[in-house]
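Everything on this sheet refers to the single structure shown next.
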Amino acid sequence: MVMIGTDSHKRTHTVVAVDEVGKRLGTKTVRTNSDGHLALVEWAAQYAGRDEAGVRFALEDCRHLTRRLESDLLAAGQRVIRVPTRLMAGARKASREPGKSDPIDAEAVALAALRYPDLPMAELDGPAREVKLLSDHRRDLVVQRTRIAAQVRWHLHELDPDLQVPSRGLRRQRLVRDLLVELERFDGVVARLAQRLLERCQELTTQINALEKELRGLVQTLAPSLLEVPGCGVLSAAVILGETAGVHRFRNKDAFARFTGTAPVPVWSGSSKGKVRLNRGGNRSVNCALHMIAVTQARGIGPGRAYTDKQLARGKDRVAALRLLRRRLSDVVFTALRTD
C-alpha cells in the first residue's frame, strides 16, 4: 500500500507518498482547484500498481481547507482517510528530520495514517451536513441576538430606568414592538441606536425561527427515533445529527461514547487499578446536547429522574449523577441513530 499524506493551504496542496514502512517515494505540489486535483490523481496513478491495497490519501482533518479536495478525490474513486491534527503533530515531533515545512507536515500526516489503521474514512457529504450548517448558522444568529440584547438593555436603562425588560424578553416580537413605540418619545443618538438595535433584533428572531422550522422538518425526516428519546428536542437532535455525520462511522456504542466525551478516561498504575477521571475531550457540542437531555430527564421527563435519585441515594452528588446519566444517554442516542 502507498499512503499519500497531504499538507493543505488556501492556495496549494503539498503531498508526499510513502510506502507501508514509511519510506518516502515522491512529493508534489498542486493548486487548490479542480485542475490541480486532477493532476494530483494522475500523479498518484503511478503508485496504483505497486500492491493490491493500492493508493490511499491521508488528509489532515481541517475540512475548511480540504473539503473540496476531499470531494474531488472521492468523486474520482480514491480512498481518503481523515487524520486528526493532534496525531499529525505527534508524528512530526517523533520524526528524526528537524524543522517544519510542507513536505515534512505532509509526510507526518501519512505516517500517522499508517500508524493508526482504524482512522475514519471520508465520505461524500449527505443530508447530515445540511443539518449541521443550518444548526451552526442558527447558533451564530443566537449569539448575535444575545449581544445586541445586552446593548439594548443598557441603552434603555440610560433613557428610562423604569423601562423593565423581562429576562429573555427580547426574543418576543410583541415586546420588541412595544419598546419601539416607547422609544418614539425620546430624541438623541442613544434612542436612535436603541431603535436600530431593536429592529436588528427583530430580524434575527425572524431568521432564527425560520431556521428552527426548517430544522424541525429535516430532523423529523432523518431521525424520528432520536426525537422519541425523552427530553430530546429538535435543536438537540439537530446538533447530534449534524455533528455525528453518520452513526455507521462508529464500530460500537463505546466508540460513540468516546466521541461524545462521556466515556471516562483510565488513569491508573499499579495498585490504583480501575481508577478513571472525567473525559474533557470528545465533541463538546454533542456533549452539551446530551447534558441538556440529562437535565430535562432529571426534572421528571423520562427515566432519568429515577436513575439520578438512585445515584443520589448511593452518595453521588448531582453533578456526578448527571455525568453518569449522560453516559447512559449516549448509548440510548447511539441506538436511536442506528435505528434511524
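The values are calculated or read from the model by the stated rules, or taken from the named source; none is laboratory data. Values in this document were obtained by computation on a predicted structure and should not be read as measured data. Note: ideal-geometry Cβ built from the backbone for every residue, glycine included; neighbour counts use all protein chains shown. We work out accessible area using only protein heavy atoms, side chains counted, and drop any ligands, DNA or RNA first. Shrake-Rupley method; radii C 1.70, N 1.55, O 1.52, S 1.80 Å.
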Exercise. Once both axes come from the Cα atoms, what is the angle between helix 284-298 and the longest principal axis of the chain, in degrees from 0 to 90, rounded to 10?
Worked result: 50 degrees
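Mind ranking 274-283, 169-178, 293-302 by how tightly packed they are, going by the mean number of other C-beta atoms within 10 angstrom, highest first? All intermediate terms of the calculation are to be shown ahead of the outcome.
Details: 274-283: 12.3, 169-178: 14.9, 293-302: 18.6.
Result, highest mean Cβ count within 10 Å first: 293-302, 169-178, 274-283.
Seen from all sides and averaged, what is the projected area of the convex hull of the Cα atoms in segment 60-208, in nm²? Can you show the working numbers first?
Working: hull surface 57.3 nm².
Dividing the Cα hull surface by four gives the mean projection, 14.3 nm².
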For this session: Answer rounded, prolate or oblate for segment 260-326, using the Cα gyration tensor with square roots of eigenvalues a ≥ b ≥ c: rounded when a/c is under 1.5, else prolate when a/b is larger than b/c, else oblate.
Result: oblate
For this session: Determine the gain in length on full extension of the stretch ARG68-LYS10; use 0.36 nm per residue of separation and subtract their C-alpha separation, reporting nm with one decimal.
Result: 19.8 nm
Problem set entry | Lys pairs, the chain - Cα-Cα below 27 angstrom, 8 or more residues apart or on other chains | 18
Problem set entry | Set of segment 222-239 residues, backbone N closer than 20 Å to the point 7 Å along the Cα-Cβ line of ASP125 | 222-223, 238-239
Seminar exercise, completed: Rounded to two decimals, the Rg over Rh value of segment 1-108 from Cα coordinates and the Kirkwood Rh reads 0.93
Problem set entry | Over segment 185-286, volume per residue of the alpha carbon convex hull, in Å³ | 188 Å³
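Roughly speaking, what is the stretch gain from GLU203 to SER271, that is 0.36 nm per residue apart minus the C-alpha to C-alpha distance, in nm to one decimal?
Numbers: separation 68, 0.36 × 68 = 24.48 nm, distance 6.08 nm.
Answer, rounded to one decimal: 18.4 nm.
Loop-only check: which trypsin sites (Lys or Arg not before Pro) in segment 1-59 are DSSP coil with at most 15 other Cβ within 10 angstrom? Intermediate values should be presented prior to the final figure.
Numbers: sites: LYS10, ARG11, LYS23, ARG24, LYS28, ARG31, ARG50, ARG56; in loops: LYS10, ARG11, LYS23, ARG50.
Counting only loop positions with at most 15 other Cβ atoms within 10 Å, the trypsin sites (Lys or Arg not before Pro) in segment 1-59 are LYS10, ARG11, LYS23, ARG50.
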Exercise. Cα atoms only, the chain: Rg and Dmax in Å?
Worked result: 25.6, 81
For this session: Take ARG147, ARG67, ARG82 and sort them by solvent-accessible surface of the protein heavy atoms, 1.4 Å probe, largest at the top.
Result: ARG147, ARG67, ARG82
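Ranked by accessible surface with a 1.4 Å probe, highest first, in what order do TRP43, TRP268, TRP154 come? Write out the running numbers ahead of the final one.
Working: TRP43 40, TRP268 120, TRP154 185 Å².
Highest to lowest solvent-accessible surface, that is TRP154, TRP268, TRP43.
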Problem set entry | Solvent exposure of segment 1-139 as accessible area per residue, Å², 1.4 Å probe | 53 Å²
For this session: Rounded to the nearest 10 degrees, what's the angle between the helix 173-183 long axis and the longest principal axis of the chain, both from Cα atoms, 0 to 90?
Result: 60 degrees
For this session: Determine the principal axes of the Cα atoms in segment 106-175, then give the extent along each, sorted from largest to smallest and rounded to whole angstroms.
Result: 67, 27, 16
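Taking 0.36 nm per intervening residue step and subtracting the Cα-Cα distance, what contour gain separates LEU25 from ASP162 on full extension? Write out the running numbers ahead of the final one.
On the way: separation 137, 0.36 × 137 = 49.32 nm, distance 7.47 nm.
Going from the current span to full extension adds 41.9 nm.
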Seminar exercise, completed: For the GLU182, LEU141 Cβ pair and Förster radius 25 Å, calculated FRET efficiency rounded to 0.05 is 0.50
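Which whole-number percentage describes the relative contact order of segment 99-227, with Cα contacts under 8 Å and a sequence gap of 6 or more?
Details: 50 pairs, mean separation 41.7, N = 129.
Relative contact order for segment 99-227 comes out at 32 percent.
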Exercise. So how tilted is helix 63-75 from the main axis of the chain? Cα-based, degrees 0 to 90, rounded to 10.
Worked result: 50 degrees
